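One structure is given below, encoded as structure tokens.
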Amino acid sequence: MKIMALGIAMLLCPLAVAAQTVSSPNGNVKVTFALTDNGVPTYEMSYKDKAVVKRSRLGLELAKDKHASKGKNETDLMDGFKVTSTNSSSFDETWTPVWGEWSQIRNNYNELEVNLNQPAADRNIIIRFRVYNEGMGLRYEFPQQKSLNYFLIKEEHTQFAMTGDHTAWWLPGDYDTQEQETQETKLSEIRGRFKQAVNWDNSSVSVFSETGVQTALQMKTADGLYINIHEAACEDYATMHLNLDDKNFVFESWLTPDATGLKGCMQTPCHTPWRTVKVSDDAREMLSTSLTLNLNEPCKIEDTSWIHPTKYCGVWWEMIVGKSTWEYTSGLPSVKLGETDYTKLKPNGRHGANTAHVKEYIDFAAANGLDQVLVEGWNIGWEDWANMWKRDVFDFVTPYPDFDIKYLNDYAHSKGVKLMMHHETSSSTQNYERHLGEALDLMNKYGYDAVKTGYVGDIIPRGDFHYSQSMNNHYMYVIKEAAKHHVMVNGHEAVRPTGLCRTYPNLVGNESARGTEYEAFGGSRPDHTVILPFTRLQGGPMDYTPGILETQLSTWSDNPNYVHTTLVGQLALYLTMYSPLQMAADLPENYRKYDDAFQFIRDVPCDWSDSRYLEAEPARYVTVARKDKKSDNWFVGGKCNEDGHLTILNLDFLDKGRKYEATIYADAKDADYEKNPKAYTITKKTVKQGQKLKIQQAPGGGFAISIKSLTPNPSK
Ligand code: NOJ
Ligand code: CA
């Protein structure tokens, strides 16, 4: 670590006093802070001397609390500030993640700390800027002081004034879900597209404005700058959406409220999450920057030896597609925990999580080098799980009578496999917190070390939204309790991530976007997975559940839907959708059918020492080469949208003087995600550094290559 004083340039600015600029280590990104004449904090940001964020205001509006004198609002933290002092510093440190895309990550920034005093209320706050080569983060800090012990937030007013009518890839700003398709429009067209983007007539959608969007928001300017707005380290705070003034192209933060409309309850000392703006003229840099992780705190879990990347299969897709069921019996109107004797009930004959069937999955995992088997529908309560009178439906410890929890865990362990736990909370969060201790003890007893959690439905009893401060605290509570039990967590329907997996690396995955399950519910557009790396994946890995090789579901079920990629496109996702948790989501019988293609899934690791983004363009294509953490082997994946894409793959990343065997899984000439999805070729070639491979990706297709080292590293 290296800390040194930085020269801060004093600028003359007609709109403001006390302007100060801090630059990124390479000088490309500049952020200037200034106060207006009436003491409003502002900032602006540029990249290679082009404006990225025009002068934008900063501040927080407070809500009245019951201790405030009658009729008098709290003084907002919006204006009337004076700069009392500024500090500048530099930071350059390389850290080692427990798992990730790189085995080492450099955290290098220049910082400006602005200390502000608001004489009218005698309050001090700090605004801190960290400027990286790929963008910046800013946050508000609230030291503990006599006049600011606690406060309630009515709204945060952080603005991001864009320079023009950029193209944006956006999701409607919903307080509860990101399981939607991304829209690609100009900023000025968001309002016109909004009702179509959201299921407007559905009374349960919780959108707040016709120009409100979610983060991470990816944009592209007319002159080729890529800009991404998101947040980092959102802990004990509500998730931020952006509301657009579409006349002036100014975004403003819009926090997720609680059930009463309040947006934050703060007790000093405390701070907001980082508000981040990433920028580059090269789309690949949007994917290779670790800015979000770097703005999170270092790992807080001392012993991380039990945290590991995991490849898994599961009793899951067959239920999603509709062939088997989570529930054991049918037509039971209401199950009461402790009162319903399941052994007396008639099984429906389609219960997926039965001992014999789970055993087949364990055998399949063991035979194919998969680490774990997820089993959903193992515990009582599924007959009544989504009812609107939700109570204590699940206790997370009582198996159905046909699921022999001890036998199956022992059997799995004898084969070198683990079962993966499933806790669907149905958003009855208080019930989950009540049972969590026992549920984790049960996992320890039988040797589970990972849990997939789920938050389907409205949150009870609080009635808060999925992205509110209280829910964000709930997810953190679960992650921390799980860590005490050495359990990894993969949260579905939970809040979108903001890099907290650096601090708590047992948070190995989240869904928090539209996953593969939607292919069984009608499908997702082929460009979906070449947008997600620019948006949802900016905050952390996604449990996307790829690997559906039998793309036509009607071949084995009554489900008429099909997967909107080619078969090879599914293989590519193991590279392009980074995650330390990767599912082989299809059924064992389908993998047997396409066993030669399944070889790639057997071979592909999910932990990397190096990653090189070779081509990228939002919603068009992403190609990445990754080096296995445990060997000298490389794996390359390319995925494209419905237009297809020709990749000229330059094998420069390979070691000089070394020979490799490449196995190339490519779309066949006439492949097409709709008309001919399962046409593929597999070719083997000896390759070396400097060679180029020409690979045509089909519409909705992709490619995947495993590159195995044939010779020892000449430099070792
Ligand atoms: C929705 C999740 O995304 C899915 O993976 C899960 O199977 C169901 N909820 C049931 O928990
Ligand atoms: Ca889901």
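The values are calculated or read from the model by the stated rules, or taken from the named source; none is laboratory data. Predicted, not measured: the structure shown is a model, and the values here were computed from it. Methodologically, a virtual Cβ is constructed for each residue, glycine included, from the backbone with ideal geometry; neighbour enumeration extends over all protein chains shown.
General observations
- Selection within the stretch 422-455 - more than 16 Å from ligand 1 (Cβ to nearest atom), over 15 Å from Val397 (Cβ atoms) and assigned to a helix (DSSP H, G or I): Gln430
- Any hit, the stretch 470-481, residues being within 16 Å of ligand 2 (Cβ to nearest atom), modelled with pLDDT of 95 or more and either in the same structural domain as Val373 (by TED's automatic domain parsing) or at negative phi (or both): yes
- Selection status of Asn368, modelled with pLDDT of 95 or more and more than 30 Å from Ile460 (Cα to Cα): yes
- Residue within the stretch 477-489 that is within 25 Å of Val375 (Cα to Cα), of a type outside the set (D, E, K, R) and free of Cβ contacts under 8 Å to residues at least 40 places away in the same chain present: yes
- Qualifying residues in the stretch 456-468 (those that are within 16 Å of ligand 1 (Cβ to nearest atom) and modelled with pLDDT under 95) - the one surrounded by the most Cβ atoms within 10 Å (Cβ to Cβ): Ile459
- When residues in the stretch 661-695 are screened for being assigned to a strand (DSSP E or B), exposed (fewer than 15 other Cβ atoms within 10 Å of the Cβ) and out of contact with any strand residue (DSSP E or B) (no Cβ under 9 Å at 6 or more places or on another chain), 0 of them pass.
- Options Asp464, Asp458; residue that is outside the structural domain of Gly173 (by TED's automatic domain parsing), assigned to a loop (DSSP other than H, G, I, E, B) and within 16 Å of ligand 2 (Cβ to nearest atom): Asp458
- Scoring Thr545 on the criteria (1) away from ligand 2 (no atom under 16 Å from the Cβ); (2) within 30 Å of Ile459 (Cα to Cα); (3) over 10 Å from the mean Cα position of the chain (by Cα); (4) surrounded by 24 or more Cβ atoms within 10 Å (Cβ to Cβ) leaves a single failure, condition (1).
- Residue satisfying condition, being of a type outside the set (Gly, Ala, Ser) and over 24 Å from Tyr132 (Cα atoms), within set Glu210, Glu235: Glu210
- Yes/no for Lys54 being part of a strand (DSSP E or B) and assigned by TED's automatic domain parsing to the domain that holds Tyr226: yes
- Scan of the stretch 398-453 for residues that are touching a residue at least 60 places away in the same chain (Cβ under 8 Å) and touching a Ser or Thr at 6+ places or on another chain (Cβ under 7 Å), ordered by number: Pro401, Asp402, Ala450
- In the stretch 101-120, the count of residues that are modelled with pLDDT under 95 and either touching a Ser or Thr at 6+ places or on another chain (Cβ under 9 Å) or surrounded by 15 or more Cβ atoms within 10 Å (Cβ to Cβ) (or both) is one or more.
- Candidates Glu433, Glu438, Glu424: the one that is within 16 Å of ligand 2 (Cβ to nearest atom), assigned by TED's automatic domain parsing to the domain that holds Thr355 and modelled with pLDDT of 95 or more is Glu424.
- Every residue from the stretch 162-177 that is part of a strand (DSSP E or B) and crowded, with 21+ Cβ neighbours inside 10 Å: Ala168, Trp169, Trp170, Pro172, Asp174
- The selection criterion, being over 30 Å from Asp607 (Cβ atoms) and touching an Asp or Glu at 6+ places or on another chain (Cβ under 6 Å), does not hold for Arg139.
- In the stretch 509-523, the residues that are over 29 Å from Ile479 (Cα atoms) reach residues that are near ligand 1 (Cβ under 10 Å from one of its atoms) and assigned to a helix (DSSP H, G or I) with C-beta atoms within less than 6 angstrom, at least six apart or across chains, in these pairs: Ala520/Ile320.
- The stretch 370-386, residues that are within 26 Å of the chain's Cα centre (by Cα), closer than 20 Å to Lys415 by Cβ and of a type outside the set (Val, Ile, Thr): Leu370, Asp371, Gln372, Leu374
- Note on the stretch 492-542: residues that are under 23 Å from Val451 (Cβ atoms), part of a loop (DSSP other than H, G, I, E, B), within 16 Å of ligand 2 (Cβ to nearest atom) and among the hydroxyl-bearing types (Ser, Thr, Tyr) amount to 1.
- All positions within the stretch 570-595 that are over 21 Å from the mean Cα position of the chain (by Cα) and not aliphatic (A, V, I, L, M): Asp586, Pro588, Glu589, Asn590, Tyr591, Arg592, Lys593, Tyr594, Asp595
- If you check Ser203, Ser188 for being hydroxyl-bearing (Ser, Thr, Tyr), surrounded by fewer than 20 Cβ atoms within 10 Å (Cβ to Cβ), outside any strand (DSSP E or B) and modelled with pLDDT of 95 or more, only one passes: Ser188.
- Scanning the stretch 696-716 for residues that are part of a strand (DSSP E or B) and either modelled with pLDDT under 95 or more than 13 Å from Thr566 (Cβ to Cβ) (or both) yields a count of 5.
- Checking each residue in the stretch 338-368 for being of a type in the set (A, V, I, L, M) and not in a loop (DSSP other than H, G, I, E, B) picks out Ala356, Val358, Ile362, Ala365, Ala366, Ala367.
- Filter pass, Gly7 being in a loop (DSSP other than H, G, I, E, B) and either crowded, with 19+ Cβ neighbours inside 10 Å or at pLDDT 55 or above (or both): no
- Residues of the stretch 546-560 that turn out to be part of a loop (DSSP other than H, G, I, E, B) and under 21 Å from Asp667 (Cα atoms), as a count: 6
- Tyr237 vs. criteria within 25 Å of Glu61 (Cα to Cα), of a type in the set (Ser, Thr, Tyr) and out of contact with any Phe, Trp or Tyr (no Cβ under 7 Å at 6 or more places or on another chain): yes
- Some residue of the stretch 146-156 being in contact (Cβ under 8 Å) with a residue 24 or more places away in the chain and of a type in the set (Phe, Trp, Tyr): yes
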